[in-house]
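Structure, as C-alpha cells:
The values are calculated or read from the model by the stated rules, or taken from the named source; none is laboratory data. Computed from a predicted model, the values in this text were never measured in an experiment. Note that we place each Cβ from the backbone using ideal geometry, even for glycine, and neighbour counts take in every protein chain shown.
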Amino acid sequence: MFGWFGKKSRPTQSVKKQQVSLDDAAVPADVVVYAIGDIHGRADLLEKKLAKIDADPIAPSQSKTIVYLGDLVDRGLKSKHVIDLILAHENQGIEQIWLMGNHEEFMLRFLDDPENSLEWLGFGGAETLLSYNVSVAAGAFNGKKAIKASENLQAALAKAGHEDFIARFRDSFELGDYLFVHAGIDPEKPIAGQGPEILRWIREPFLSHAAPLAKVVVHGHTVGEEPVVRNNRIGLDTGAYYSNTLTCLRLEKTNYRFL
C-alpha cells in the first residue's frame, strides 16, 4: 500500500556527526530492524505482521530486531493477546524491544492508584480490563470498584506471566542513526535530556520541527492515514484499532521501506 523507499550508500565518515537526516541514516549492517506502530489491542493485525517479519528474508550474517513503539494496549479488544503474541515470539530467536507509550503509563497509574486514575477507562482501559477477564461493572465506576478492578488486573497479569513483560518496558531505544520512541522528542534538548513525559506524550514542537536532529526519530502516538516520512522523523501510527492498518517500518543498512 505504501510502496518502497530507498537511499544511496553514503561514504564512511571519520568525524562523529552532530546531526543526521533520513537521506544518510543507517543501522548496523548485521541487523535488520522492524519497527511496529501503535497496536492498541489489535492482536489480529499483529499476528499477520509477525508472520510477515518471520518470512522476510535476510542474509545469513544478519539478525532481526523488532521494536514495538508503545501503545500495545487499550481501545482494541485483545490487549492481553497482543502481549501473549509478543512473549511467544521471545522463543523465535528474534530480539524484541518494547517501548512504553502513554497508554501503558495510564495502565500503570491505574494499578498504582486506581481511585485517581478512572480516566483510563474512557481512554480504552475498559477494553484492556475485559481482555484480562476483569469485570467492568455497569453503572457508576466509583473508587471502591476501581480498587477491586485494579487488584483483579494485578492478579490477572501475574497469572498470565505478564508482570515481567511490564517491567521490561523501555522509554527509548537507539540503534545506529535512529532513535525509537513512542511520541517524539523535544528538539531543543539533547537526547540524554529527554524525560519520560516528553518521550511518551509530546506532539509539538516536535512534529513541526523541520531541521535535522541528532538521530532520525521513529515514533508512533500521532495518528496519520499513512506513515509520515520526513527528513528527521518517521511516524508509524496509522490508527490500527479503527483503520485496520498496522504499519511496520523495515530498516536495513541505509535502506528503509514499509513491510
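Before moving on, here are some points about what is shown:
- Within the range 85-100, being of a type in the set (Val, Ile, Thr) and either under 15 Å from the mean Cα position of the chain (by Cα) or on the phi > 0 side of the Ramachandran plot (or both) holds for 86, 97.
- Within the range 183-259, strands (runs of 3 or more DSSP E) holding 3 or more residues that are in contact (Cβ under 8 Å) with a residue 40 or more places away in the chain and farther than 21 Å from residue 65 by Cβ: none
- Residue 93 being under 22 Å from residue 180 (Cα atoms), of a type outside the set (Val, Ile, Thr) and surrounded by fewer than 15 Cβ atoms within 10 Å (Cβ to Cβ): yes
- The one condition in (1) in contact with a strand residue (DSSP E or B) (Cβ under 8 Å, 6 or more places away or on another chain); (2) within 27 Å of residue 50 (Cα to Cα); (3) among the aromatic types (Phe, Trp, Tyr) that residue 241 fails to fulfil: (1)
- Evaluation of residue 26 against the conditions (1) touching a helix residue (DSSP H, G or I) at 6+ places or on another chain (Cβ under 9 Å); (2) part of a loop (DSSP other than H, G, I, E, B); (3) not basic (Lys, Arg) shows that the sole unmet condition is (1).
- Residue 115 of a type outside the set (Val, Ile, Thr) and farther than 30 Å from residue 218 by Cβ: yes
- Selection within the range 17-48 - more than 14 Å from the chain's Cα centre (by Cα) and not hydrophobic (A, V, I, L, M, F, W, C): 17, 18, 19, 21, 23, 24, 28, 30, 44, 47, 48
- Test: residue in the range 88-98 that is part of a strand (DSSP E or B), at pLDDT 95 or above and in contact with a Lys or Arg (Cβ under 6 Å, 6 or more places away or on another chain): no
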